[in-house]
1. Could you please state how large a percent of the accessible area of the range 183-318 is carbon and sulfur, counting protein chains only and using a 1.4 Å probe?
2. With every protein chain present, what is the per residue accessible area of the range 269-422 (1.4 Å probe, Å²)?
3. For the range 143-152, just list the computed ³J(HN,Hα) in residue order, Karplus coefficients 6.51, -1.76 and 1.60, θ = phi - 60°, integers in Hz, with x standing in for Gly and Pro.
4. List the trypsin sites (Lys or Arg not before Pro) within the range 1-95 that DSSP assigns to loop and that have no more than 11 neighbouring Cβ atoms inside 10 Å.
5. Loop-only trypsin sites (Lys or Arg not before Pro) in the range 139-178, please: DSSP not H, G, I, E or B, and at most 15 other Cβ atoms within 10 Å.
6. Could you run the Karplus curve 6.51 cos²θ - 1.76 cosθ + 1.60 with θ = phi - 60° over the range 301-308 and give me ³J(HN,Hα) per residue in whole Hz, x for Gly and Pro?
7. Straight-line reach from K293: which aspartates and glutamates fall under 16 Å, measuring Cα to Cα and dropping same-chain residues less than 8 apart?
8. Just the Cα atoms of the range 298-355: what Rg and Dmax do they give in Å?
Amino acid sequence: MFQPIPTQRAHVLCEMLKTDLDVHQAMDWEGEGNISTGAMFRGSRGHMVGLLLCKDEKLDKHLLKAFSGVYDGYWEIPGWVGPCFDVQRYKAILAEYDLRIKGAEREGKESASLSLACQKELFGLYRFTGVGGRTLTIKDIFGDRLPPSGSGDCCAPKLLSECYRRGWYPVSMAEFYYGKDSPSGNRVNGVFYDPCENRCRPILDAMLGLDVIYADESICVVNKPSGLLSVPGKGPDKQDCVVNRVKALFPRSISQPSVHRLDQDTSGVLVYGLTRQAQADLSVQFAKGEVHKEYQALLEGVLKEEGGDIDVPIRPDYEHRPYQIYDPKDGKYAITHWEKMDVEKLPDGSVVTRVRFLPHTGRTHQLRVHSAFPQGLGHPIVGDRFYGHGREGQRLCLHARRLEIHHPETGKKMVFEADVPF
C-alpha cells in the first residue's frame, strides 16, 4: 500500500535517525546506551524503523519513532514508542499458555487449539487510538477472523496510535529497514518501504477512517467505500463523509478540498486538493476534461454488443430529485464510452455483464442513466435502486477503478487505481 501520510519531511529526518543508529550503535543512545544495534546485523534479524513528525494544537512539532515487533527481547526501549498493548499482561498470558502447551505435549495431547486460544487472547489486548481519539480493538478491525501474525506490531500503527492518543495530528511519516539484508532480498538495509498490505492496511484504514491511496502536502487520494457520502449532506445525520474525514486527517487542509465526487452508493478513487492552489488546479483539470477516469460495473442481463459510445443528454427530474431523466431538448450533453469485458453468473444464479466505462463528461448519475435508459444500453447496473431493481442492503456494483491526473504542483502525470470489490 502507499504510505497514507506525506513522507517528504520524514525522509529527511529518517536519514538523521539512520546516522544516529550507525554512529552510536545503540537503540538507547539518548539514555544509557546499553542496548546494542548489533542484534539487527546477526542472522536475519533486521527491523523496520519508523519516524512520525507530529504537531499539537499549538502547532508545536514533535517527533515519534518506533521499531517493528520485539527487539532482541525488548518490547519497550526508552525513547521509542511502545506496543499497542499492556506488556506485562502480554507476557503473563504467554507464560501461562507456554506452561499449558508444554504440559499437553508431555502428555502427548494436541496443542494446536491452545496455540490458537493464546493468539486470540493476546490479540484481545491490542488497543489502537484513531483519528478523533477513537479507540479500536482487533475485533473492531478484523471482526471474528484471526488477523495475520504480527498485526499491530508494525511501525505505522504504533506511531499513529501514539500520535492520536496524545491529541496531536500527523504531518509526515516514513519507515526504513535497518539491519542485515533479508535472505530473500525483499528487505535491504537503509531502504524505505511502505506499510505492509495484509497486516497494516486494515488497521490503518480503521484508524484513519479512510483507505488512503496516496497523500502528500498538496493532494489526498482515497478509495471511497460504497455507502459513504463524498461531501456533507443536509442535516446532522449526513455530516459523515469523505471530505470531513479528509479534513480530520489533515487539519491544515482548506475548508473545501473537494474537486469532484462520487454518488453515495458508488465506490472508488477520489482526489482532494489540500491547498487552495491544488484544489483550483485540479478543478480546472476536471472542467477542461483533462482528467481520465475509468469505471467498472456489473449490468443486469447480457449485452449483445461489444462496445461503443453513448451520447444521451440528461437533466435533473426537478420534481423527483436526485433522479435524472433523458431530455433531448433541454438536457446537457453526456457522453460515455463503454466496453464489454465478460459475462458472469452471480451467486443467486442471475447472469450479468461486466463492462468498462470511460466517461467523457461527468453529469450526475451519468453512468447509471446511460446504463438503464433504453436510449442508452437498457441494462441497469446491478444494485441500482434508482434506475434498476436493486434491493435494500444490496450494493451498487459501480466502482471508479482508475483516475489519471497531473499533479498540481509538479505537473507530473499520476495514475491511481483501486481494486474492484465485486
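The values are calculated or read from the model by the stated rules, or taken from the named source; none is laboratory data. All of these numbers come straight from a predicted model, not from anything done at the bench. Cβ: placed from backbone, ideal geometry, glycine included. Neighbour counts: every protein chain shown. The protein model used for the area step is the full one, side chains on, heavy atoms only, and it has no ligands, DNA or RNA in it. Shrake-Rupley method; radii C 1.70, N 1.55, O 1.52, S 1.80 Å.
1. On the way: 2990 of 6170 Å².
Ligands and nucleic acids excluded, carbon and sulfur give 48 percent.
2. Numbers: 8010 Å² over 154 residues.
Solvent-accessible surface per residue comes out at 52 Å².
3. Ordered by residue, 3J(HN,Hα) equals x, 7, 7, 6, x, x, 4, x, 4, x Hz.
4. Numbers: sites: R9, K18, R42, R45, K55, K58, K61, K65, R89, K91; in loops: R42, R45, K58.
Passing sites in the range 1-95 are R42, K58.
5. Values: sites: K139, R145, K158, R165, R166; in loops: R145, R166.
Answer by residue number: R145, R166.
6. After applying 6.51 cos²θ - 1.76 cosθ + 1.60, I find x, 10, 7, 7, 6, 9, x, x Hz.
7. D263, D309, E339, E404, E417, D419
8. 14.9, 42
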